[in-house]
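Take a look at the structure below.
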Amino acid sequence: MSRAAGLLLLALVSVGCRQDMHDQPKYSPLEKSGFFADRRASRPIPAGSVARGLLKDDTRFHTGMVNNRPITEMPVPVTAELLKRGQERFNIYCVPCHDATGSGEGMIVRRGMKRPTSYHTERLRTAPVGYFYDVITNGYGAMYDYSAQIEPADRWAIVAYIRVLQRAQSGTINDVPPDQVSSIKPAGGSL
Amino acid sequence: MAQVFHYSTNTLARASVVIALVLVGGGLWILLAIGRTSYITQQEVVREQPVPFSHSHHVGGLGIDCRYCHTSVENAAFANVPPTKTCMNCHSQIWTGAPMLEPVRSSFRTGESLEWTRVHDLPDYVYFNHSIHLKKGVGCETCHGRVDQMPLMFQQNSLLMEWCLDCHRNPQQYVRPREELFTMGYKPPNGNQAALGEKLVADYKIQSLTSCSVCHR
């Protein structure tokens, strides 16, 4: 009997003493800190600091502006890869409000968000690429900025993809390469 | 001189060896079993949060991608929990009067952090990295379960070493194509994981990593 009780005690004791190496005296990301006044172990970046290699010296690339005017040419080469990346990022960050075609009827808008202007209006179709980059970076009216969520290179990928969406609105079957027509034509139907 | 021990004590002596073994073995078994209970692993224990944030509404209902909030999960060890500003992208306009969201609004006004309660927490002596798992085709759902059906977050799996190793020994049973990493309710084509798994392990050059220093470094 006492042996059984002893074992049970051993079991309980050894279960209880797991914490020593579990919580080592070091900080994990976003952990609470008893040392700093704001209780954040992940320290905010001091204003004006520049990480090595991340100096924003290319104003065209980093602001989309030259002399306070939005640039009209993409600062990066437009490749099929860039467009694919842009599509993926657009679907993550923009579709909730702007919807998959950019007409501004996304799920969040249907739940009460202000309805954004469609990308297919004359004003936005003719807006320069730098303007879209600026909206993502600094926000616009009721839309908050996405600079913390999206890297500059990805912002340009999204801008390029917005151009694809705009072009697609006026697309016809004649724009499709002949060898791919069969893959989009509905079976038995006509376009 | 008369015999001190009766003949039957021979049997008793043998039996006591067996009983001792059973007790020691049973004790060890109890130890291991206790270590696997959800009391220790915190499996499926729902946590109180400062705001009752629902993945089931935001992911399942509204269809928001994991990466909208957990932005660093593809590139870093740590899958970040979103800052208050991310919530305000929408909640500056949606449910602006809801008392439930007051902690979010006051955090945005004052700049103080929202203090979410951690749900998954490996011991500090284990190294874990999200990005490698995504690059090699392990989806969120495989480890975190049907997040899109969780009104409040809980830990789907035990996170015990045996759980990690089960997959590290046989990754082909769990991997999926990279396009499906964020899909919830994913099913392999034709239900044939065996064939797909073999192919992906070859395509993504997936190794079976079981040496101790992979996770204990």
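Among the conditions (1) outside any loop (DSSP other than H, G, I, E, B); (2) exposed (fewer than 12 other Cβ atoms within 10 Å of the Cβ), B:LYS205 misses just one, which is (1). Considering only residues that are closer than 28 Å to A:ASP99 by Cα and β-branched (Val, Ile, Thr), look in segment B:18-64 and name the one that is nearest to the other protein chains (Cβ to nearest Cβ). Going through the qualifying residues, I end up with B:ILE64. One residue alone among B:HIS55, B:HIS6 is within 15 Å of B:VAL119 (Cβ to Cβ) and at pLDDT 85 or above, and that residue is B:HIS55. Taking the condition at positive phi, away from every other protein chain (no Cβ under 14 Å) and in contact (Cβ under 8 Å) with a residue 12 or more places away in the chain, does A:GLY64 pass? Yes, satisfied.
Return a yes/no flag: does segment A:48-66 have any residue that is surrounded by 18 or more Cβ atoms within 10 Å (Cβ to Cβ) and at pLDDT 90 or above. The answer is yes, given that some residue of segment A:48-66 is surrounded by 18 or more Cβ atoms within 10 Å (Cβ to Cβ) and at pLDDT 90 or above.
One line per residue, one yes/no per condition, for (1) assigned to a loop (DSSP other than H, G, I, E, B); (2) among the hydroxyl-bearing types (Ser, Thr, Tyr):
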{"position": "A:SER49", "(1), (2)": "yes, yes"}
{"position": "A:ARG52", "(1), (2)": "yes, no"}
{"position": "A:LYS56", "(1), (2)": "yes, no"}
{"position": "A:PHE61", "(1), (2)": "no, no"}
{"position": "A:THR72", "(1), (2)": "yes, yes"}
{"position": "A:PRO75", "(1), (2)": "yes, no"}
{"position": "A:VAL78", "(1), (2)": "yes, no"}
{"position": "A:LEU83", "(1), (2)": "no, no"}
{"position": "A:GLN87", "(1), (2)": "no, no"}
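Which residues, taken from segment B:110-149, are in a helix (DSSP H, G or I), of a type outside the set (A, V, I, L, M) and farther than 25 Å from B:LEU62 by Cβ? Within segment B:110-149, B:THR110, B:SER131, B:HIS133, B:LYS135 meet the criteria.
Among the criteria (1) more than 14 Å from every other protein chain (Cβ to nearest Cβ); (2) surrounded by 14 or more Cβ atoms within 10 Å (Cβ to Cβ); (3) at pLDDT 90 or above, the one B:ASN80 does not fulfil is (1). The criterion of being more than 21 Å from B:PRO99 (Cβ to Cβ) and part of a helix (DSSP H, G or I) does not hold for B:ILE64.
The values are calculated or read from the model by the stated rules, or taken from the named source; none is laboratory data. Computed from a predicted model, the values in this text were never measured in an experiment. Please note: Cβ atoms are built from the backbone with ideal geometry, for glycine as well, and neighbour counts cover all protein chains shown.
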